[in-house]
Every structure is written in structure tokens, then in C-alpha cells.
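The values are calculated or read from the model by the stated rules, or taken from the named source; none is laboratory data. All of these numbers come straight from a predicted model, not from anything done at the bench. Note: ideal-geometry Cβ built from the backbone for every residue, glycine included; neighbour counts use all protein chains shown.
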Amino acid sequence: MHDAFLDSRSKMTSYREFIGTFRELGLKSMTLREIAKAGSFDGMLGLRHDVDHHIERAYLMGRIEADAGAHATYFLLPPGDYDKDENYYGRIVSGAVEHNPEMLALALELTGMGHEIALHNDFLQLSIRTGRPIAELISAEIDWFAKNGIQITGSASHGSTFAARNKISNYEIFAECVRAQNSGRSIPAGKKQFPLNSISMKQLGLEYEAYFIGKSFYISDSGGAVTWPRLNESGTEETFHMEQVDCQAIAGDFKRSPHKGVQALFHADHWQFSDAQAGNEPSLDRLHTARRMARAQGWRSPRARPATLPLGYLESLLSGLSENPRIRLHHFGNVEIDPPCEGEDPRARCAREYTAWAESLTEGRRDASQIHIFVQLSQLQNRDCALIFRPERE
Ligand SMILES: [Zn+2]
């Protein structure tokens, strides 16, 4: 059975159980478009997914929801963040976004399952990268999806480093999304200034911004830690966090809260998928077909930066690799470096070894079919750490 579990800063054993728990309370699972139309979260379970790195993980999440009879909204992020001009969505070429066909194929699979596709908004940064006006870029994306059979009416702000640096939330590009303390501000955008709250969502055909639909019991897995509001002794809400998350505990807090509906923001990037790990689930064929089709057209879905992957993901990847007889894991299970770095910065060492490896590959001194893995983890237990793995030499 399709299911997902979270093994990150918080642990949750079953995504199906999470959906089931809230539907048993009588909440209806609706897309955010439907919830926005209704004008409130009351009586609804709004499953929201911000897709930052992996469309394939979003697809796996979507199948679980479809099996469970739930409908979710997937916010897809155009390229331009994470210091890259390319991501799963596409790439920036001469100021325009070229779309990865795998992204479209899987977005169509998701809408086919009854889910909604919407935009994950980092358009101010994209505008600076491309030199094109924000409204024009958003319109181009909405038109492109429409031409391909997907209607876009919603947007959700992406928490980029760019936005943090400028002390804004990305939704503040929109006239309809005003945060009092920032009103009237302008952000340097290339040679010009971009005035916040100057773009009309309505004129673009956007009907809602996820943070502005209305009040809800807001659950989030941002950074891999599941948080939700809990009433404290004085009767005010505090963001609560649990390492081993119990769905009944969240449901109990919801019942005691003044809220009548739920918005749950989950990033599939943080989750692991039980059938995908087994690797032999027949309904993964559609995903593999989409991936092959994109590759045949010269596309690769770029990997997320290793440091952005949750530790749980890394661990499951490594346990998989440890079963491959061609691979010897020099170190696995703790963060010590073997052999020790002896004064050299682990990041510098990782970079140096990577360069040497890449050169030897180019010069044909190394078998390209061998797997060579460099993994960097930053800030694990408040230390900079690197784990370095090499294939067994034959
Ligand atoms: Zn995001």
C-alpha cells in the first residue's frame, strides 16, 4: 500500500494515518482552490505541498492521497532559487523559462488524480535573474500551463534566502497581500526598485494566495520539524513541536482549538515513500516513463543540493547503497570522518577530492560506471561535517 513516513527532525510513521485522523473528525479534503472559493477553511482539510526540489516525490505523495480519496494542492517552483538557473521545473534560457517535460507529465498525472497545480512564488528573484517584469513572468507561466491543459488560479509564497535577505515574504509582491509593517517599501531589483504590493493578482487571473485564504489550524513540516498550534495555560496559541509525532495528539489539539479547519503544509522533499523504496511497485511505471521521456529529450532532473536533503533521506539512500556489493561505505552511522581531516576543513577536503575524482574521470583514469559519492552535511549537531564515501576498488 502506498504510504509515506517522515524521518527527519520530527518522525511520523504514516501519512495515510495523518489524512485518516483528520477525515475521521468530519473534515472534507479539498484543494486550496476549492477552499478559497468557499472563502474559509471551516470544515475542510487543506493539504498543501510546496514543491521545492523534487517533482517525483510530489507525485509519490499525490498517489497516497489519491488512494486515500484526498485532494491536495501542489505549488510548483520555477527555476532561479538555490543559486541555480535550473531545477525540476525547468531552466532559465535567454530570460525565459524552458519547461522540463517530466515536470509537465507528472503535473498532469497529479491533476488527473484530482489534485490541483498552482505556483510556488519566488517571482521577484526570477525577475531579477531574467530582467523581465514579474507580472509578465507570472502570466507566461499561467498561459503555458493553460495551453497544456492545467488551470492555475493559486499562488503560495516560497521562503527563499533571497526573500529573507530582503526581509520580505514573497507574497508581498501582490497588491492583495499587504503586511502592515512593510507597506510602501521598495526592493532593489537590478537597476530599478520594485515597489511591494504593486501587482494585482486579480488582473493576472489568480484567485488566491495560500497564506491569505483565512484562519486555519496550521500544521507544517518546514525544515523537517512538524509544528502546530497548541493552547497554553493562559489560553493563547503557541507553536508546538514533537519529535515523535502522534497524529492523535495533533487532532486533540485541533479539537481544543478555536479553529474549524486545517491547513497542512507538507514538503514531499522531507518524506520517504515506502513502496518507492521497495522499488518494485508497478504503479511507479508512470513516474519512470515520465523520467525516461524527459531524458530522451536531453533533460535531467537536477538533484537537490546534498545539504538541503534531510538526514533521514540520506540514511535511507545509504542503507540502500550499503547493500550493493560494489560499494564500500567508508563510514556510515556516525559523523566522524575517516580518515580524519587532520586540520583540513572538511568542506575543502570534500571539494578537493571531488575535483580530483572529476579530473580522473575526464582523463579516463577512472571507470565511469563505478559509483563515487561525496556527501556533505552542514551544521549537523552544530558542527560542519562531511562524510566521504568511495566505491570498492577492484
Ligand atoms: Zn518553498
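Scanning the range 83-115 for residues that are closer than 27 Å to T31 by Cβ, within 16 Å of the ligand (Cβ to nearest atom) and surrounded by fewer than 22 Cβ atoms within 10 Å (Cβ to Cβ) yields a count of 0.
Does D143 count as modelled with pLDDT of 95 or more and either on the phi > 0 side of the Ramachandran plot or exposed (fewer than 15 other Cβ atoms within 10 Å of the Cβ) (or both)? Yes.
Could you please let me know if F254 is touching a residue at least 60 places away in the same chain (Cβ under 8 Å) and either within 23 Å of I152 (Cα to Cα) or surrounded by 18 or more Cβ atoms within 10 Å (Cβ to Cβ) (or both)? Yes, satisfied. Being out of contact with any strand residue (DSSP E or B) (no Cβ under 8 Å at 6 or more places or on another chain), at pLDDT 95 or above and on the phi > 0 side of the Ramachandran plot is a condition met by no residue of the range 95-110. Comparison of Y59, Y74 shows that the only residue that is over 18 Å from G154 (Cα atoms), hydroxyl-bearing (S, T, Y) and surrounded by 19 or more Cβ atoms within 10 Å (Cβ to Cβ) is Y59. Note on the range 58-75: among residues that are outside any helix (DSSP H, G or I) and away from the ligand (no atom under 12 Å from the Cβ), the one that is nearest to L119 (Cα to Cα) is T73. Among the residues of the range 212-251, those that are among the hydroxyl-bearing types (S, T, Y) and surrounded by fewer than 17 Cβ atoms within 10 Å (Cβ to Cβ) comprise S222, S234, T236, T239.
Could you list, in sequence order, all residues of the range 40-57 that are in a strand (DSSP E or B) and away from the ligand (no atom under 16 Å from the Cβ)? Answer for the range 40-57, where residues must be in a strand (DSSP E or B) and away from the ligand (no atom under 16 Å from the Cβ): M44, L45, G46.
Being within 16 Å of the ligand (Cβ to nearest atom), in contact with a strand residue (DSSP E or B) (Cβ under 6 Å, 6 or more places away or on another chain) and either over 24 Å from E172 (Cβ atoms) or among the aliphatic types (A, V, I, L, M) (or both) is true of A118.
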